[in-house]
1. Among B:269, B:318, B:329, B:293, which is closer than 24 Å to residue B:65 by Cβ, among the small types (Gly, Ala, Ser) and within 14 Å of another protein chain (Cβ to nearest Cβ)?
2. Any idea which of B:86, B:122 is within 9 Å of chain A (Cβ to nearest Cβ) and either under 30 Å from residue A:42 (Cα atoms) or in a helix (DSSP H, G or I) (or both)?
3. Quickly run through segment B:422-444 and pick out the residues that are surrounded by fewer than 23 Cβ atoms within 10 Å (Cβ to Cβ) and under 17 Å from residue B:398 (Cα atoms).
4. Would a scan of segment B:406-419 turn up a residue that is within 14 Å of chain A (Cβ to nearest Cβ), part of a helix (DSSP H, G or I) and surrounded by 24 or more Cβ atoms within 10 Å (Cβ to Cβ)?
5. If I filter segment A:46-53 for residues that are within 9 Å of chain B (Cβ to nearest Cβ), exposed (fewer than 12 other Cβ atoms within 10 Å of the Cβ) and closer than 27 Å to residue B:208 by Cβ, do I get at least one hit?
6. Give the residues of segment B:442-476 that are within 14 Å of another protein chain (Cβ to nearest Cβ) and β-branched (Val, Ile, Thr), sorted by residue number.
7. In segment A:10-45, which residues are facing chain B (nearest Cβ under 7 Å), out of contact with any Leu (no Cβ under 8 Å at 6 or more places or on another chain) and in a helix (DSSP H, G or I)?
8. Somewhere in segment B:53-70, is a residue within 30 Å of residue A:36 (Cα to Cα), touching a residue at least 40 places away in the same chain (Cβ under 8 Å) and within 11 Å of another protein chain (Cβ to nearest Cβ)?
Amino acid sequence: MLKSFFHMDRAEALALLFLVAFSALSFLPAWRSQKIAGMAVFGWLMAALMVLSPALALFVFRGRGKR
Amino acid sequence: MLVERVLVLLYFAVCIGIGIAASRRVRGSGDEYWVAGRRVGTWVNAMAIMATLASGGSIIGVMGLAYSQGIPATLALFAGAVVGFPLASLLVARELRNFGRYTITDFLAFRYPSSIVRTLVPILIVTAFTIYIVAQLKAAGITAETLLGIPFEHALTLATLVFVIYVSFGGMVAVTWTDVFQGILMLLVVLGTGLWFLWEVGTPLELMRRATSVAPELGQVEHRPVASYLGYFAIWATAIPVIPHIVMRVFTARDGHGARLSLNLAMLAYSALILAAVFLIVPVGKLDFPDLADADQVFLKVMESRFPAAVRGMAVAAVLAAVMSTTDALLLACSSSISHDLLGNILREKASQRTIDAVRVGTAWVIGLLALYWAYSPPELISQFYTAGVGLLSGSLFVPVIAGLWWKKANRTGGVLALITGALAYVLVHFQILPFGLAPILVSLAASALAMAAGGLLGPPESREMIEAIEKLHAP
């Protein structure tokens, strides 16, 4: 099965999986009614996703240009 | 309003100046005109990408939406685009930069050689982006009319002429440098305003507590159906890796690594802009003006009540910069779809360099003026149409591009089927000809993926030469 796909670096594949999983889990109904500082946890998760997703990608790509 | 008008005119003059300076560099070279010579540095590209994504909606719209619909739902809409950039950097940036051409159509027509692909993709792009440009022009006209007190038509015409001049003559070089200038202006105004409020109040949590104690709806989301914004999240998350005005910026990078870094650095800046707007400026607006009839006025009201004329003038210029930095990239992408993707082969065979230059400039003017004409009396639901237009592009292009780069069994049959099925499914579900009860983008992506799988598994296998060519694109 995997032979049908072009190779992806392990760290990059894990980052991709994390992004998709974090996005999907953020939309679970449980986060919609619980609040922190007056705002639904869902909102905080979206805010975290906006910062974490590019930061994670930059972390994965660190040092790659020098190879 | 004199100070505000002078500052805006000064801003327009800088944009035209950049366009004139760039026109000398790009004349006679397709590489310079379409992709700025492929030597835009990481930081410059990051700022240009940030400005390209941040349209009028990212300043006026995001604050109006947070004020009226609450912060969580607003962040769900904007987080989709932000997530799209890391996805783009992981899935397409290095590969498309290594491919080394000008447009997304170039890649698709290479991967799935077919006249349907060569024709349908530019038509989809021009259709979706013309609607997008009209929506942005409408935002520019309304903003200038409200803030500068000049008639809608005059404001619209002036703003359009300015960006058509610098795009048509200066190409990607002018778009890059005006975007950098516009991006810095946006960040200065929004982050500066946010930090000022932070200094006054203390912490964002304290500001949120105060605002939600007076207006609890600002932090609520449970009364809204999840489907209402999951669709928007999915549209933007899947559009970014394939949408032409962003992909063109990948082609401008020095190398694949630079493209990947610039996409993510851009999103850190963009997230800072959006988070400062919703967590620092909107709560102040809600506390100061709790009952605004038009929520989109919240930023302008805050600026009017708390800052002097010079800062207000910068704020107007920042809003116009947000609109123009997106519209210029859309216009260039649209122009490339016609003069490079559709007419390119004929021009390269039969036309002189002078004629090719004239067609590039002329195409930008024709599209710009048509969009202007339409924007004089835009349909009321134009803002919804442009998101649908982006959804159409995403639904039709995402699967062919991603499968073309990563799935060895992707072939011409699958690519063409996925493209057509994705576009058709989106249109049928969006206009409720096929009522599915799901967001059109989700149906469209699923249908496109099924068509690709069917074509790839049942159609003729891809040639060894093509597999080797794609393998090379994945090289570090």
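1. Among B:269, B:318, B:329, B:293, only B:269 is closer than 24 Å to residue B:65 by Cβ, among the small types (Gly, Ala, Ser) and within 14 Å of another protein chain (Cβ to nearest Cβ).
2. Unique residue meeting the criteria: B:86.
3. Passing the criteria: B:423, B:424, B:427, B:439, B:442, B:443.
4. yes
5. No, there is no match, as no residue in segment A:46-53 is within 9 Å of chain B (Cβ to nearest Cβ), exposed (fewer than 12 other Cβ atoms within 10 Å of the Cβ) and closer than 27 Å to residue B:208 by Cβ.
6. Once the filter is applied, which keeps residues that are within 14 Å of another protein chain (Cβ to nearest Cβ) and β-branched (Val, Ile, Thr), segment B:442-476 yields B:467, B:470.
7. Answer for segment A:10-45, where residues must be facing chain B (nearest Cβ under 7 Å), out of contact with any Leu (no Cβ under 8 Å at 6 or more places or on another chain) and in a helix (DSSP H, G or I): A:32, A:33, A:42.
8. Yes, that holds for at least one residue.
The values are calculated or read from the model by the stated rules, or taken from the named source; none is laboratory data. All values derive from a computational prediction rather than experimental measurement. Virtual Cβ from ideal backbone geometry, glycine too; neighbours counted across all protein chains shown.
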